[in-house]
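Engineer: My questions will all concern the structure given below.
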Amino acid sequence: MSNGQQLTSCPACQSALIQIDCCRPFGQAGALLERRCPECGYTDELAVAVEVADVLAEHAAEFATSLESAAELWITM
């Protein structure tokens, strides 16, 4: 269901920091992702299959957990 856009980097500046701001249902088997790039300010909406949105959400949760662990380690140093 993706329209062929790059999911994990900014289409404008190629930054890997593109972020999903919002995810909401789209059609019967899709999700609409609102994304933004903190480096260049690019924003877009991207229609993807629900399974793709689920995988991206899982990766974002794992990344957040890693950041929290790193922050806790930094604080205890």
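The values are calculated or read from the model by the stated rules, or taken from the named source; none is laboratory data. Bear in mind that the values here come from a model prediction, so they are computed numbers and not experimental data. As a convention, Cβ positions derive from the backbone with ideal geometry for all residues, glycine included, and neighbour counts pool all protein chains shown. Keep in mind that these areas ignore ligands, DNA and RNA; they rest on the heavy atoms of the full protein, side chains included. Shrake-Rupley method; radii C 1.70, N 1.55, O 1.52, S 1.80 Å.
Engineer: How many residues does the range 24-71 hold that are among the acidic types (Asp, Glu) and closer than 12 Å to Leu7 by Cβ? Explain how you work it out, then say what you get.
Structural biologist: Filtering the range 24-71 down to residues among the acidic types (Asp, Glu) leaves 34, 39, 44-45, 51, 54, 58, 62, 68.
Going one step further and asking which of them are closer than 12 Å to Leu7 by Cβ, we end up with 44.
Total meeting the criteria: 1.
Engineer: Picking from Glu39, Glu45, Glu34, which residue would you name as being of a type outside the set (A, V, I, L, M), under 10 Å from the mean Cα position of the chain (by Cα) and at pLDDT 90 or above?
Structural biologist: Values: Glu39 fails: under 10 Å from the mean Cα position of the chain (by Cα); Glu45 fails: under 10 Å from the mean Cα position of the chain (by Cα).
Sole residue among the options that is of a type outside the set (A, V, I, L, M), under 10 Å from the mean Cα position of the chain (by Cα) and at pLDDT 90 or above: Glu34.
Engineer: Turning to a different aspect of this structure: Looking at Val48, is it touching a helix residue (DSSP H, G or I) at 6+ places or on another chain (Cβ under 9 Å), without any contact (Cβ under 8 Å) to a residue 60 or more places away in the chain and either assigned to a strand (DSSP E or B) or among the β-branched types (Val, Ile, Thr) (or both)?
Structural biologist: yes
Engineer: Within the range 28-39, how many residues turn out to be open to solvent by less than 70 Å² (accessible area, probe 1.4 Å) and either outside any strand (DSSP E or B) or touching a Lys or Arg at 6+ places or on another chain (Cβ under 9 Å) (or both)? Can you show your working first?
Structural biologist: So in the range 28-39, the residues open to solvent by less than 70 Å² (accessible area, probe 1.4 Å) come out as 29-35, 37-38.
Among the residues that remain, those that are also either outside any strand (DSSP E or B) or touching a Lys or Arg at 6+ places or on another chain (Cβ under 9 Å) (or both) are: 29, 31-34, 37-38.
The qualifying residues number 7.
Engineer: Can Pro25 be described as part of a loop (DSSP other than H, G, I, E, B), open to solvent by 60 Å² or more (accessible area, probe 1.4 Å) and modelled with pLDDT of 90 or more? Before the answer, list the steps.
Structural biologist: Working: part of a loop (DSSP other than H, G, I, E, B): no; open to solvent by 60 Å² or more (accessible area, probe 1.4 Å): yes; modelled with pLDDT of 90 or more: yes.
Taking the combined requirement at face value, the residue does not satisfy it.
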